[in-house]
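Scroll down for the structure; my scribbles are underneath it.
The values are calculated or read from the model by the stated rules, or taken from the named source; none is laboratory data. A quick note: this is a predicted structure, and the numbers were derived from the prediction, not measured. A quick note on method: Cβ atoms are made from the backbone with ideal geometry, for glycine too, and the neighbour counts reach across all protein chains shown. What goes into the accessible areas is simple: the full protein's heavy atoms, side chains included, and nothing from ligands, DNA or RNA. Shrake-Rupley method; radii C 1.70, N 1.55, O 1.52, S 1.80 Å.
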Amino acid sequence: MAASNMATGGKKKKHGKETRTQNEEERLEQQHFFRVISAFRHYRTHSMQRLDKAEKCFRQLPLYQQKLLPNHLAHLGELRACVDQNYDFLLNIIKMTENMFENKDYTGNGDVYSDNADVMLSESALPFPREFDMDKVKTTLKQFVRDWSAEGKVERDACYKPIIEEIQQRFPAEQCDPWDLSILVPGAGLGRLAWELARLGYQCQGNEWSFFMLFASNYILNKCEGINSITLHPWIHQFCNNRTSRDQARAVAIPDIDPHSLPQVGNFSMTAGDFLEVYKEQETWDCVATCYFIDTAHNIVSYVETIHNILKPGGYWINLGPLLYHFADMVNEASIELSYEDLRSVILEFGFEILKEDTKKPTMYIQNTKSMLQYEYDCVYFVARKPLEVANNHTNHSQAV
């Protein structure tokens, strides 16, 4: 069975000026779609330019110094081969982007990628990607390690396992049928957390805004066949803090489990779109599970409000992650950056009851385990409950905010 269905968040039909605004939004969405396609397509060119620079710097060394590094050019040659292997995988991903959404076609009449590589859109026909976009492609490769490799199990156990175990504890199988419970995972990334919950029989939906993540999750969840059938080299772009040259070029196999092995009774889907725009129907979900998500907001207060609104009375919000605030230092981007102390006050003000809390839960994120540099977050983990009866002063909080 297909691991997931994917749709974009729908918008209501509008008229007049609102229609023009909606058309502009759709144009910008399509533009963004092709910019991400372009970043995937430029991966090889961009990566080879970096290796060309490394080789040029090496050849400018005095000859006696070059002789001290007899394997350096061979190592760069190995990295070039790794780039080619990664690129083949990325082309397979974008090949599957046509018709990936049930209710939206961004490609128009042109092929993003056809079975004949000769008619694939050339790099020159696509918008030139920004350096930011190319960094996102490299991050996407590392996301595959986190979500779908044996090497990523340590990170998944630290981040996903507490959430999964908490859900099982709050909704024990002997007291309720998982099939009757609806769980939402905003910021689902490559979908592993939502997939694991669906594997346990819950009705689970992942939501993601980034086309980088959506393209990649669509491929791994719906098109990938066979355990460890794909070999990636996700660390080749890390030129610093390598203990050995082998560490930089080392391979990682994905997926560590068959994405198509969901039970027939499960119900798993993915939606594309802004969390605040897609989820407006009130009292719909039994549980919202957020992992490394809430700091992606322009306005984190709106995230709290939306989660409160869409949860059923008595529903649970389970959160784990840092407060990195993705838009904090971006030019022309609004960003509300709260301390956890202030965020906690907002959560309580909306009426949530905090049932469990750990403000120093160590986790890592897309970490290269072989690197000499290791980052670790002391994350906030909490379980909050929406009361069965919401106090009158919180029933229409959006009007008071």
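Each principal axis of the Cα cloud of the chain was taken in turn, and the coordinate range along them, longest first, works out to 79, 51, 45 Å. What is the percent carbon and sulfur in the accessible area of the chain, measuring with a 1.4 Å probe over the protein chains and ignoring ligands? Roughly 49 percent of what the probe reaches on the chain is carbon or sulfur. Computed over the range 210-249, the convex hull of the alpha-carbon atoms projects to a mean area of 4.0 nm². Applying 1/(1 + (r/R0)^6) with r as the Cβ-Cβ distance of ASN71 and GLU376 and R0 = 25 angstrom yields a FRET efficiency of 0.15. Remark: for residue pairs LYS280/LYS312; LYS95/LYS136; LYS95/LYS370; LYS312/LYS356; LYS161/LYS356; LYS136/LYS161, the C-alpha separation exceeds 21 Å in LYS95/LYS370; LYS136/LYS161.
Over all pairs of different C-alpha atoms in the range 155-296, the reciprocal of the mean inverse distance, the Kirkwood hydrodynamic radius, equals 16.7 Å. Under a 5 Å amide H cut-off, with hydrogens placed 1.01 Å from N, GLY315 pairs with LYS386 among residues at least 5 apart or on other chains.
Spin-label model, THR45 to LEU28: label points 7 Å out along the Cα-to-beta-carbon direction sit 2.7 nm apart. Solvent exposure of the chain, expressed per residue, is 49 Å² of accessible area, with all protein chains present and a 1.4 angstrom probe. Note on the chain: with a GNM built from Cα contacts shorter than 10 Å, the maximum mean-square fluctuation among TYR316, TYR43, TYR375 falls on TYR375.
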